[in-house]
Structure formats: C-alpha cells, structure tokens
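I have placed the structure first, in the form of structure tokens, so that the comments after it can refer back to it.
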Amino acid sequence: SGFGNRVTLTFDINAEVEALTLLDKKTGQTQDLLQNNSYTFTQSDNTTPYIDRFALSFKSPTAISEIKNENKIAIYQDNETVTVSSPEKIHSVELFDMQGRKVKQANKIENNVYQIDLRRGVAHNAPTGVYIVKAVLGNGEAQTHKIIVK
C-alpha cells in the first residue's frame, strides 16, 4: 500500500494580493502560489481527500506602507493537536473558550514551534466547541485564530 493517487491542484488567481501561500499540513510543505499556481501531492489513503489538509494564507496590498507582517504566525489544527509556528521565536500561547475563560497558557516558549495537545494538560479532554488561540512573538506581534474541537 505504498502507492497512492497523484493529485494536482491548480489555482486560478484573480485577486490582487502581495502573497498567496498554500500549506500542506500533512507534509509541512509550503508553496508560493504566485510563483507556481499548481501543487501536486500523493493521496495515499482512502480517506476523504483534502479535508483539513490544506491552509491558504494571503496578504492583501495595503495603503499604509509602514504596516509589515514579515513575521508570519501559522496556527493550524490537526485532529487533537494545535500547532503554532513562526520564523520568529514564539513568546507565549493562550487558549480561550468562547466565554473568554483562559483554558491553557504557556509563557517563555522561546521556540519557533509550539503544540497544544487538546487531550492532555490543562486543556485535558477539551469539550467540543469553538476556541480562540492567541500567539505572541518575542517582538510583541500577536495573532489569534479560531479552532473547532470536535
């Protein structure tokens, strides 16, 4: 069963964006879709293809040239794990429920990747629902992302 179906996704890009990146969460590969609008991968199992496998991020042109988002923070969920990654060191990560209660907090991470296992620790057996992940880099830049625990 080491074989699979080769699948190519081709994106027809009709929007004016400064950056458009595809993240394959299964392999960890990223691709700049403005440089190459086709992405080929192997679907090796018979599960429903593509569900929650890819993340698409873009940066719109802005009229304010001083705003820079060079330190991209990627926050994504894969089953019971939430991953936060950035080229810059991550300082802290917080997980909030929809009532605003802090479910988990990690400070002084000082690493480029941090993972929250929703089955262990303070977030042990996090009930199903919607949560907010807030990540802060060492330079103070912050980003939030909504996740759904099923």
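The values are calculated or read from the model by the stated rules, or taken from the named source; none is laboratory data. What you see is a predicted model; the values in this text were computed from it and never measured. Positions of Cβ are backbone-derived with ideal geometry, glycine not excepted, and every protein chain shown enters the neighbour counts.
Checked against (1) assigned to a loop (DSSP other than H, G, I, E, B); (2) modelled with pLDDT of 80 or more, Lys72 meets all criteria but (2). In the stretch 103-112, what residues are among the basic types (Lys, Arg) and surrounded by 16 or more Cβ atoms within 10 Å (Cβ to Cβ)? Of everything in the stretch 103-112, just one residue is among the basic types (Lys, Arg) and surrounded by 16 or more Cβ atoms within 10 Å (Cβ to Cβ), namely Lys104.
Residues are listed down the side, and each one gets a yes or a no for (1) over 30 Å from Arg119 (Cβ atoms); (2) within 21 Å of the chain's Cα centre (by Cα); (3) surrounded by 14 or more Cβ atoms within 10 Å (Cβ to Cβ); (4) at pLDDT 80 or above:
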position: Asn36; (1), (2), (3), (4): yes, yes, no, yes
position: Ala63; (1), (2), (3), (4): yes, no, no, no
position: Ser92; (1), (2), (3), (4): no, yes, yes, yes
position: Arg101; (1), (2), (3), (4): no, no, no, yes
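Pairs linking a residue in the stretch 1-21 that is under 20 Å from Leu34 (Cα atoms) and assigned to a strand (DSSP E or B) to a residue that is at pLDDT 80 or above and of a type in the set (Asp, Glu), with Cβ atoms under 8 Å and 6 or more positions apart or on different chains, are Ala19/Asp32; Leu20/Asp32; Thr21/Asp32.
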